[in-house]
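Written out below as structure tokens is the structure these notes cover.
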Amino acid sequence: MVDVSNHELVPDHNVLDDPEIEDVMQEYNIRKTDLPKIKRTDPALPSAAEVGDVVEIVRDSRTTDRAVVYRLVVE
């Protein structure tokens with residue numbers, strides 16, 4: 001079986017720890033539940049991701065060099 005998360009076109013997905021989550025929440029003045037959602041079954045998620053985690057997704061961008069987005073892992 002192919003591991004989709006290792007494909008070159010799939011951007012980096014990193015699970016944030018609590019201090020990093022707090023920094024993001026303060027920077028954007030939001031709550032975790034305000035973040036866009038990503039399903040736990042998404043094949044691009046790291047195996048360590050659990051429901052309730054916040055995942056940082058870093059994509060290459062032609063205009064800004066890199067684009068960073070955050071998603072809340074849901075069931």
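The values are calculated or read from the model by the stated rules, or taken from the named source; none is laboratory data. All figures in this text were calculated on a predicted structure; none of them were measured in a lab. Cβ atoms come from the backbone with ideal geometry, glycine included; neighbour counts cover every protein chain shown.
Apart from one condition, Val10 fits all of (1) surrounded by 14 or more Cβ atoms within 10 Å (Cβ to Cβ); (2) touching a strand residue (DSSP E or B) at 6+ places or on another chain (Cβ under 9 Å); (3) modelled with pLDDT under 95; the exception is (2). Taking the criterion of being of a type outside the set (Ser, Thr, Tyr) and either modelled with pLDDT under 90 or in a loop (DSSP other than H, G, I, E, B) (or both), the residues of region 38-56 that qualify are Arg40, Asp42, Pro43, Ala44, Leu45, Pro46, Ala48, Ala49, Glu50, Val51, Gly52, Asp53. Residues in region 36-70 that are more than 15 Å from Val24 (Cβ to Cβ) and among the acidic types (Asp, Glu): Asp42, Glu50, Asp60, Asp65. Can you name every residue in region 25-46 that is on the phi < 0 side of the Ramachandran plot and of a type in the set (S, T, N, Q)? Gln26, Thr33, Thr41 - these are the residues of region 25-46 that are on the phi < 0 side of the Ramachandran plot and of a type in the set (S, T, N, Q).
Annotation note: of Arg66, Arg59, the sole residue that is part of a strand (DSSP E or B), within 16 Å of Pro11 (Cα to Cα), free of Cβ contacts under 8 Å to residues at least 40 places away in the same chain and of a type outside the set (A, V, I, L, M) is Arg66.
Taking region 1-56 as the range and being under 14 Å from the mean Cα position of the chain (by Cα) and basic (Lys, Arg) as the test, the residues that pass are Lys32, Lys37, Lys39, Arg40. Residues that are of a type in the set (S, T, N, Q) and modelled with pLDDT of 95 or more were ranked within region 13-37; the one that is surrounded by the fewest Cβ atoms within 10 Å (Cβ to Cβ) is Asn29. Select from region 51-74 the residues that are more than 17 Å from Ile21 (Cα to Cα) and out of contact with any Pro (no Cβ under 6 Å at 6 or more places or on another chain) and list them in ascending order. Across region 51-74, the qualifying residues are Asp60, Ser61, Arg62, Thr63, Thr64, Asp65, Arg66, Ala67.
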